[in-house]
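Report on one structure; see the data block that follows.
The values are calculated or read from the model by the stated rules, or taken from the named source; none is laboratory data. Just so it is clear, the structure is predicted and the values come from calculations on it, not from any experiment. Neighbour counts run over all protein chains shown; Cβ positions are idealised from the backbone, glycine included.
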Amino acid sequence: MSEAIRLIALALGVALIAAGVAWRMIRSARVRQGIRRGLADPDPAVRIAAVRQAAEIGLASTAPALLRAVRTETDPAVRAAVVDCVAAHQWEPASTAAIVELRLWAKAYVASRPDLARPTGLLHPGVPGTVPSPSLHPAREHEFRRRTATDVHLDERSPLGPPADDDPLTPVRVVVTGVGGAAGVAVLRALRAAGHVVIGVDADPDAVGIRLADHGHPVPRCDDPTYLVSLIHVATLFDAEAIIGTVTEEFPALIAGAEFLRDAGLRFVFPDLATVQTCRDKWAFFQAMRQAGVPVPATSLGGADGVPGPWIVKPRFGRGSRQVHAVAALAELDAALALVDEPLVQTAVCGREFTADALVWPSGTLAGVVPRWRIATKGGISTVGETFEDDRVVETVGLALKAVGHIGPANVQGFVDDDGSVTVIEVNPRFSGGLPLSLAAGADFVGEFLRAVMGRQVRPERLVGRPGVRMHRYFDEVYQA
């Protein structure tokens, strides 16, 4: 009997808890509905009262309603009430895209109203939180745009941008993507050495650059639907002013989200989407080089028809040295083709292998090139290299970059044979993993690119590398307690 009583009591307890939860949900829904009605009321006093009621509940559940309201709100007093609400809730995690977007609006509104008192804490746009699928929209209303982030406007009198100046940049807060890779780490270190503040992001939470940066934060992969809003979340969290991408595969997502990044106050110079697609597609790249008259190895898609051996078999879409096979005998070719996704077959090029770091200003002017021999490599990254001078290499690099329409930093890979002829095999529309050698040789590609991003003139004299500088790369460690 006692067991039955306990079961009945337990059932009653569960029922009471469920009823309580249901009552709270219904009450919360009614309160939110009342807030929405109040925000749409024609009386500004009622709308202000609704904003204050939303502040009492918190932004997690009311940010979408407040966003819808400020898109059409014209009364300065109501808008000021929303700003006060946002400023009072800086303690809340930036746990939704609506919260991030509402904080962006509040920052932009305060920036556009110098007569408005700046609320304490408003310039701290968030604290860490999980950001779900983005709700960012293509709205073009003036109040939703951060006018401090503008496109780079070129002075027509100068192919390298605005009038010359030698004033150093004041410290810039820069988001650097892909800080788990060699290129990302190189950019990160160069920026920090120059006194800038680096916010390092990577899809791998164990990426070493997250530990080397001033502020490190993991983000989703670039093919994740939350990638863009996560970047915006990190940028607003640390009040970033610029973003530099170091991973080719990320550029399509960054380019597609350029308006949102700009609205978040970020400056950037990205290559064109067509350039990125051409560089990633080795077959399209081969055709672009042939059309421009840039020397490239004989190439065929899917087989070796018309391509003399020995051969290099590689994926049409790939990076580094993944799935790359050197084939000397025809009998081995079919086996290599079977191992590679969408195989591309090229004649193996003889000669000395090089990589050239380069920077192209947005006007299309080649600002600087530093070639270096790839004396030893591991995993596609140069471990021993040496800078050199060669006018034919510099000229060919310029032609290759022009053929793909590139702007910004790049690295061009190729070979120089015994008679000095240059053959190009690849263009990467980003900084290279071997960039530290060019930096050590005196060519400040990172610093000058950041100047371009911030609307300053690139100085070609700062992009000249000393020949004969040799690099020996080694592993290093970063410890955490």
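How many residues are among the polar types (S, T, N, Q), in contact with a strand residue (DSSP E or B) (Cβ under 9 Å, 6 or more places away or on another chain) and in a helix (DSSP H, G or I) when one looks only at the stretch 221-261?
2
So, restricting to strands (runs of 3 or more DSSP E) that lie completely within the stretch 406-481, which ones have at least 1 residues that are surrounded by fewer than 14 Cβ atoms within 10 Å (Cβ to Cβ)?
Ranges flagged: 470-472.
Matching residues to (1) at pLDDT 95 or above; (2) under 23 Å from Pro271 (Cα atoms); (3) touching an Asp or Glu at 6+ places or on another chain (Cβ under 9 Å):
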| position | (1), (2), (3) |
| --- | --- |
| Leu399 | yes, yes, no |
| Pro409 | yes, yes, yes |
| Gln413 | yes, yes, yes |
| Asp418 | no, no, no |
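Step by step: first the residues of the stretch 319-359, then only those that are of a type in the set (D, E, K, R) and in contact (Cβ under 8 Å) with a residue 60 or more places away in the chain, then the one that is nearest to Val370 (Cα to Cα). Which residue is that?
Per the stated criteria, the residue is Asp357.
Checking the structure you have, find out if any residue of the stretch 317-340 is assigned to a strand (DSSP E or B), within 32 Å of the chain's Cα centre (by Cα) and under 16 Å from Gly414 (Cβ atoms).
No, because not a single residue in the stretch 317-340 is assigned to a strand (DSSP E or B), within 32 Å of the chain's Cα centre (by Cα) and under 16 Å from Gly414 (Cβ atoms).
Could you please give the count of residues in the stretch 182-220 that are assigned to a loop (DSSP other than H, G, I, E, B), closer than 26 Å to Gly380 by Cα and over 13 Å from the mean Cα position of the chain (by Cα)?
The total comes to 5.
Would you mention how many residues in the stretch 285-318 are under 23 Å from Ala400 (Cα atoms), surrounded by 13 or more Cβ atoms within 10 Å (Cβ to Cβ) and not β-branched (Val, Ile, Thr)?
The qualifying residues number 18.
Identify all residues within the stretch 442-481 that are more than 17 Å from Ala410 (Cα to Cα) and aliphatic (A, V, I, L, M); write none if there are none.
Met454, Val469, Met471, Val478, Ala481
For the stretch 374-389, check the following and say yes or no: at least one residue is buried (at least 21 other Cβ atoms within 10 Å of the Cβ), free of Cβ contacts under 8 Å to residues at least 60 places away in the same chain and not hydroxyl-bearing (Ser, Thr, Tyr).
Within the stretch 374-389, not a single residue is buried (at least 21 other Cβ atoms within 10 Å of the Cβ), free of Cβ contacts under 8 Å to residues at least 60 places away in the same chain and not hydroxyl-bearing (Ser, Thr, Tyr).
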